[in-house]
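Only one structure is covered here, and it is reproduced in the block below.
The values are calculated or read from the model by the stated rules, or taken from the named source; none is laboratory data. In this text, all values refer to a predicted model and were calculated from it rather than measured experimentally. Neighbour counts run over all protein chains shown; Cβ positions are idealised from the backbone, glycine included.
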Amino acid sequence: MTKPTIAEASCADDYDPNSMPVDKARAFIHRFLEPLTATLRVPIRTALGRVLAEDVVSPVDVPSHRNSAMDGWAVRAADLAPGGETTLEEVGASFAGRPFAGKVGPGQCVRIMTGGVVPGGADTVVMQERAKAEGRRVTFAPGQKAGQNVREAGEDLKRGSVALARGRLVRPAELGLLASLGVGEVAVYRPLRVAFFSTGDELKSVGTPLGEGEIYDSNRYTIHGMLERLGCEVLDMGVVRDDPALLERAFREAAANADVVITSGGVSVGEADFVKDLMGKLGEVVFWKIAMKPGRPLAYGRIGGAHFFGLPGNPVSVMVTFYQFVREALLRLMGQDPVPPFPTFPATCTAKLRKAPGRTEFQRGILSRVAGGGWTVAPTGEQGSGILKSMSEANCFIVLGEAVGTVEPGTVVEVQFLEGLV
Ligand code: AMP
Ligand code: MG
């Protein structure tokens, strides 16, 4: 089946551009994302935060040798008396990195440390807590199981099997895993280039004094920060005035130099038509009013070969729409597959939250751990979409689904933790 164009898809029967549910908008965008294809080979440290462009096949067995999971003695299971103690003669030692050169014969055992190679002849390790040594005579407690405490070669990963699949984001754990296989270089997708600019006649750059009615351009900084955190290559185009000729020039330049273009402002009522006309000329773009708060107006489409996200102007709306729509889309474009959903979990809300059903709200909240188990969440206070302090104080979004009405104190709500561990 060929992909519909954005224009065709947006003409579907159940499509309401004036009240688009959050999940539907996400799914819509997802249909038009074609991940990067260009790749490069890099040393593994450089791969941190990038996405693997090839399966990494293990060149070795992990572990590479049959080894001990415990400190103790390597023995032959057949030597152990089933119902009573067994005394064997210690004939040597196998430490991690210093194997025992000989073989364990009948009646013999070898002192072994965690990670030590299990010597030939032995098949079982008895942990030291179950043994008593007097000189070279070691007595083992009854009840040992054949094969216990032995890690087989290739038990974690067989040579030739896929250790990490294409599409995997490289985090510190992946770096360690690659190193443990002796892999020093991997193929990753090239970084995603994202151009962005703010629109608005009222915006001033930091470092210049404010005239009457002017404000500092804060979206430039939040967007920069969010893109950098995702590992994108950012192309910061500053502020563009609300002037059709200047905007057209900026859009053309951005689309020619980047994989993705992000703008803020200029998509709310009154301004929308203005940008809309321009977009109609430059590319294929749909405007939505998303059934959400904050962040109602959002534009998505293509300009030339670039993806376009037109975010609202209000600083909190910018961050919420970025986290709820753009982040996942960028990760997908960067080659990550699958992109795990931003996890939500339940917490007990300690305050009353006013809300009307019919749209999804992302209130800013502070999660606290309750002694004895569970979490509570409280809103950060004023929730206006221009109040960036609410984002700064928050450690979570309180996600109130479409069907949810006003929340009474003590109600369990869904929250999304803002800080990733990795
Ligand atoms: P707009 O969507 O352009 O009508 O903007 C909505 C609100 O967000 C207005 O109050 C703007 O002044 C404000 N705003 C727009 N862009 C920015 C920006 N880059 N930084 C701070 N506030 C902004
Ligand atoms: Mg504006």
Residue check, Val260 over 20 Å from Met20 (Cα atoms), among the β-branched types (Val, Ile, Thr), within 16 Å of ligand 2 (Cβ to nearest atom) and crowded, with 16+ Cβ neighbours inside 10 Å: no
Scope segment 275-284; condition buried (at least 16 other Cβ atoms within 10 Å of the Cβ) and modelled with pLDDT under 85; matching residues: Val275, Lys276, Leu278, Met279
Single match in Gly147, Gly135, Gly143, Gly105 (criterion: over 30 Å from Ala38 (Cβ atoms) and touching a residue at least 40 places away in the same chain (Cβ under 8 Å)): Gly147
One residue from Arg50, Arg66 being crowded, with 18+ Cβ neighbours inside 10 Å, under 30 Å from Ala133 (Cβ atoms), at pLDDT 90 or above and basic (Lys, Arg): Arg66
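Listed here are the residues, each with its yes/no results for (1) within 15 Å of ligand 1 (Cβ to nearest atom); (2) in a strand (DSSP E or B).
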{"site": "Ala250", "(1), (2)": "yes, no"}
{"site": "Lys276", "(1), (2)": "yes, no"}
{"site": "Val286", "(1), (2)": "no, yes"}
{"site": "Phe325", "(1), (2)": "no, no"}
{"site": "Pro341", "(1), (2)": "no, no"}
Among the candidates Leu181, Leu175, Leu203, Leu192, residue that is in contact with a Pro (Cβ under 7 Å, 6 or more places away or on another chain) and either within 30 Å of Ala255 (Cα to Cα) or not assigned by TED's automatic domain parsing to the domain that holds Ala306 (or both): Leu181
Condition check for Gly301: within 11 Å of ligand 1 (Cβ to nearest atom), within 18 Å of Asn18 (Cβ to Cβ) and either hydroxyl-bearing (Ser, Thr, Tyr) or in the same structural domain as Tyr15 (by TED's automatic domain parsing) (or both): no
Per-region count, segment 187-245, residues closer than 24 Å to Asp259 by Cα and not in a loop (DSSP other than H, G, I, E, B): 31
Residues that are within 12 Å of ligand 2 (Cβ to nearest atom), at pLDDT 95 or above and of a type in the set (S, T, N, Q), drawn from segment 199-223: Asn219
First in segment 250-271 and in contact (Cβ under 8 Å) with a residue 12 or more places away in the chain, second anywhere and of a type in the set (Lys, Arg) and more than 14 Å from ligand 1 (Cβ to nearest atom), Cβ under 8 Å, 6 or more apart: Asn257/Arg193; Ala258/Arg193; Asp259/Arg193; Val260/Arg193
Of all residues making up segment 274-299, the number that are within 16 Å of ligand 2 (Cβ to nearest atom) and either closer than 13 Å to Leu247 by Cβ or small (Gly, Ala, Ser) (or both): 8
All strands (runs of 3 or more DSSP E) inside segment 59-155 with 1 or more residues being more than 48 Å from the chain's Cα centre (by Cα): 86-94, 108-112, 131-134, 137-140
Matching residues, segment 101-125, being under 13 Å from Ala78 (Cα atoms) and in contact with a Gly (Cβ under 7 Å, 6 or more places away or on another chain): Val104, Gly105, Gly121, Asp123, Thr124, Val125
